[in-house]
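Chemist: What follows is a single structure, and I will ask about it in a moment.
The values are calculated or read from the model by the stated rules, or taken from the named source; none is laboratory data. The shown structure was predicted, so the numbers you read here are calculated from the model rather than taken from an experiment. Virtual Cβ from ideal backbone geometry, glycine too; neighbours counted across all protein chains shown.
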Amino acid sequence: MQSYRYLIFHKPYGVLSTFTDTAGRPTLKDYISVPGVYAAGRLDMDSEGLMLLTNDGRLIQRLTDPRWHLPKTYLVQVEGVPGLEQLASLERGILLRGVKTRRCQVMVIPEPDLPPRQMKTITPHGETSWLRMVIFEGKKHQIRHMTAAVGLPTLRLVRIAIGELTLGDLKPGEWRFLQEDEIIRLKQKYHKKLLLGHYGIV
């Protein structure tokens with residue numbers, strides 16, 4: 001019987017969300033020595049924060065399937081000061097390459113207490129702000145494209161939660177195995193979603 005492993009990782013800035021790279025750039029292999037696990041969704045090289053990795057392929061399929069609307073929470077530093085209409089546009093959805101993003105949650109927050117970025121940061125040209133965004137899909141570079149579309153270029157992007165899983169005290173480059181109760185809650189929640197989807201409820 002296969003033994004499943006589940007772990008979360010705080011991906012640093014400048015690290016690829018893969019275990020190999022022909023160009024020799026930093027990858028997950030530089031931080032995680034657990035064999036056979038794969039990422040349930042990726043983060044851009046320039047993004048930071050929470051990743052879930054497992055060898056449970058069925059769970060990966062469920063968590064990355066857009067039908068389940070898995071919420072993912074980000075802290076986003078943008079250049080500029082958001083106005084009410086810009087925030088409302090982000091929440092309603094942005095048209096990207098002919099496809100409108102799903103409704104999301106956006107709010108302006110005070111500057112969060114985050115570890116300093118480990119590599120050179122982008123120098124803003126003016127005042128900056130922080131947003132807390134919760135999205136329910138995962139298009140490529142989605143948040144960066146969304147904020148740029150309303151005139152608020154993203155300077156820093158940190159994922160702090162995937163569903164109910166959070167970064168907690170993990171520092172950049174650190175990882176830990178999920179506790180048994182975390183695994184049970186994760187499986188129960190998305191097993192329920194699978195059943196609801198089967199009966200056409202979600």
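Chemist: Starting from residues that are of a type in the set (S, T, N, Q) and part of a helix (DSSP H, G or I), keep the ones in region 133-157 and report whichever is surrounded by the most Cβ atoms within 10 Å (Cβ to Cβ).
Modeler: Applying the filter and picking the extreme gives Thr147.
Chemist: Which of the numbered conditions does Gly49 fail, given that it passes all the others? Conditions: (1) modelled with pLDDT under 95; (2) not assigned by TED's automatic domain parsing to the domain that holds Ile143.
Modeler: Of everything listed in (1) modelled with pLDDT under 95; (2) not assigned by TED's automatic domain parsing to the domain that holds Ile143, Gly49 misses just condition (1).
Chemist: Okay, next question. So Gly93 passes all but one of these: (1) within 19 Å of the chain's Cα centre (by Cα); (2) outside the structural domain of Val150 (by TED's automatic domain parsing); (3) free of Cβ contacts under 8 Å to residues at least 40 places away in the same chain. Which condition number does it fail?
Modeler: Only one criterion in (1) within 19 Å of the chain's Cα centre (by Cα); (2) outside the structural domain of Val150 (by TED's automatic domain parsing); (3) free of Cβ contacts under 8 Å to residues at least 40 places away in the same chain is unmet by Gly93, namely (2).
Chemist: Same structure, new question: Looking for whichever is part of a loop (DSSP other than H, G, I, E, B), at pLDDT 95 or above and exposed (fewer than 14 other Cβ atoms within 10 Å of the Cβ) here; the options are Pro82, Pro112. Which one fits?
Modeler: None of the others qualify; the one that does is Pro112.
Chemist: Scan region 64-79 residue by residue and report those that are within 23 Å of Ala39 (Cα to Cα) and surrounded by 17 or more Cβ atoms within 10 Å (Cβ to Cβ).
Modeler: Narrowing region 64-79 to residues within 23 Å of Ala39 (Cα to Cα): 64-76.
Hits for region 64-79 are Trp68, Leu70, Lys72, Thr73, Tyr74, Leu75, Val76.
Chemist: Out of everything in region 115-132 that is surrounded by 15 or more Cβ atoms within 10 Å (Cβ to Cβ) and either at pLDDT 90 or above or acidic (Asp, Glu) (or both), what residue ends up being nearest to the chain's Cα centre (by Cα)?
Modeler: Arg132
Chemist: To continue, here is another question. Which one of the conditions (1) over 19 Å from Tyr13 (Cα atoms); (2) in contact with a His (Cβ under 9 Å, 6 or more places away or on another chain) does Leu152 fail to meet, given that it meets all the rest?
Modeler: (2)
Chemist: Condition test on Thr73, is it in contact with a helix residue (DSSP H, G or I) (Cβ under 9 Å, 6 or more places away or on another chain), closer than 15 Å to Ile143 by Cα and either in contact (Cβ under 8 Å) with a residue 24 or more places away in the chain or not small (Gly, Ala, Ser) (or both)?
Modeler: No.
Chemist: Which one is farthest from the chain's Cα centre (by Cα) among residues in region 18-55 that are under 18 Å from Gly168 (Cβ atoms) and outside any loop (DSSP other than H, G, I, E, B)?
Modeler: Top of the filtered list is Thr54.
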